[in-house]
Amino acid sequence: MSRPVDIYRQTSQKHGIGGLTHVYSSSPKTATDPGIAFYYHPISSPSRAVQLVAKHIGVPLDLKLVDLLKGEHKTDEYLKINRLGQVPTIVDGAFTLSESRAICAYLVNRYAVEDSLYPKDPRQRAKIDMMLYFDATSLWPAIRDMQVPQLSGKRAEAEKVEAAKKQLGNLEQMLSNKKYFVSDHVTLADLSILSSVTFLEAFNNFNIDEFSNIAAWVAQLKRELTYYDAVNDSYEKAKEAFRQPAQNGN
């Protein structure tokens, strides 16, 4: 019986997910470069968070697909760019940066024409940082640890499901009587957490509706962010591959 990861490999080329050129180079950009070199994978929620931020502020990214399912993030070429062997990573001229939330902050600080995503006001920024740290240390690890084993056809472990639900319960309370996490508009906190939460959609076996505040917030942002579908197109195609019946994997 084929595993979801095998089905994904077999269908990724068909869907155009795996068709990007793999160029592992940290050399400075030239004037003709289409944008900041961005090493990513579409099933990576941290990668998608960076793409949402870049689209929001109008910064072009030169997409460099790193096929995690083939182990390309552990090759010598890629480890020269990111010694931890993780995605995402950006190369902006001679400057290399990893960790999605650091990348998001960098893009806004360096390239945004205004600071609404990451306000300079110390208290507003501190609140956004608080949510980003919660995402990085509590929410995303719990969601990731529940979901990733399913790529190999394993069932989600009951304790991992409960750990994810615990953090989602915390998030649910944080959204009580709120439209956004920090301000009266979208900030980095919303975009990063949105990417984490939507990884729950990967296998179509987790019902987010029991967390009504989160479900309403996700639906609202998907409507509001005009670039959401464009950023997540490859992720949607990957989800289709994961959801194919195993017997149709060939």
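The values are calculated or read from the model by the stated rules, or taken from the named source; none is laboratory data. Because the structure is a prediction, the values reported are computed rather than measured. A quick note on method: Cβ atoms are made from the backbone with ideal geometry, for glycine too, and the neighbour counts reach across all protein chains shown. Note: areas computed on protein heavy atoms with side chains; ligands, DNA, RNA excluded. Shrake-Rupley method; radii C 1.70, N 1.55, O 1.52, S 1.80 Å.
Conditions: (1) assigned to a helix (DSSP H, G or I); (2) over 25 Å from Ala241 (Cβ atoms). Ser116 meets all but one. Number of the miss?
Checking Ser116 against (1) assigned to a helix (DSSP H, G or I); (2) over 25 Å from Ala241 (Cβ atoms), the one that fails is (1).
Against the condition open to solvent by 30 Å² or more (accessible area, probe 1.4 Å) and at pLDDT 95 or above, how does Asp92 come out, does it pass?
No, not satisfied.
Suppose the filter is touching a residue at least 60 places away in the same chain (Cβ under 8 Å) and within 22 Å of the chain's Cα centre (by Cα); does Leu117 pass it?
The answer is yes for Leu117.
Does the range 212-225 contain at least one residue that is open to solvent by 60 Å² or more (accessible area, probe 1.4 Å) and at pLDDT below 95?
No: zero hits.
State all residues of the range 77-113 that are part of a helix (DSSP H, G or I), touching a helix residue (DSSP H, G or I) at 6+ places or on another chain (Cβ under 9 Å) and among the polar types (S, T, N, Q); if no residue qualifies, say none.
Of everything in the range 77-113, just one residue is part of a helix (DSSP H, G or I), touching a helix residue (DSSP H, G or I) at 6+ places or on another chain (Cβ under 9 Å) and among the polar types (S, T, N, Q), namely Ser100.
Considering only residues that are hydrophobic (A, V, I, L, M, F, W, C), surrounded by 24 or more Cβ atoms within 10 Å (Cβ to Cβ) and within 17 Å of Val231 (Cβ to Cβ), which ones fall in the range 176-190?
Correct list: Leu188 only.
Which ones in the range 226-243 are part of a helix (DSSP H, G or I) and open to solvent by less than 40 Å² (accessible area, probe 1.4 Å)?
Result: Tyr228, Val231, Ser234, Tyr235, Ala238, Lys239, Ala241, Phe242.
Taking only the range 59-90 into account, find how many residues are touching a Lys or Arg at 6+ places or on another chain (Cβ under 8 Å) and more than 23 Å from Ala238 (Cβ to Cβ).
Total satisfying the criteria: 0.
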